[in-house]
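The block underneath contains the structure these notes are about, expressed in structure tokens.
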Amino acid sequence: MDPLFLLVSGFLSLAGMVFGTAALISWTYRYFKGMHPVGSDQVDYARSRIFDTAAHVKDYAGGYIHGKQKDAAPGA
């Protein structure tokens, strides 16, 4: 392979990764500062769905365990 091609492709790859990392850090900073960057509503929606699902699983597991304890000791 041509060394110039490797040099240019390596530089472009590195520049792309640096740019992507900078964009991610900038977006995260603005999100946590409350500036509502593009896509933050989707992140908030996903977070609320995960929280709701975890709460439902916890409630279901609690009822399931309580039912099993009741079956194990019916007179208790």
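Each value in this text was obtained by applying a stated rule to the coordinates, not by laboratory testing. The shown structure was predicted, so the numbers you read here are calculated from the model rather than taken from an experiment. For neighbour counting, all protein chains shown are included, and Cβ atoms are generated from backbone atoms with ideal geometry for every residue, glycine included.
What the table shows:
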item: Cα-based shape type of the stretch 12-55, given that a ≥ b ≥ c are square roots of the gyration tensor eigenvalues and the cut on a/c is 1.5; result: prolate
item: Spin-label model distance (nm) - L24 vs T53, 7 Å beyond Cα toward Cβ; result: 2.2 nm
item: Trypsin sites (Lys or Arg not before Pro) restricted to DSSP loop in the stretch 1-65 with at most 14 other C-beta within 10 Å; result: K33
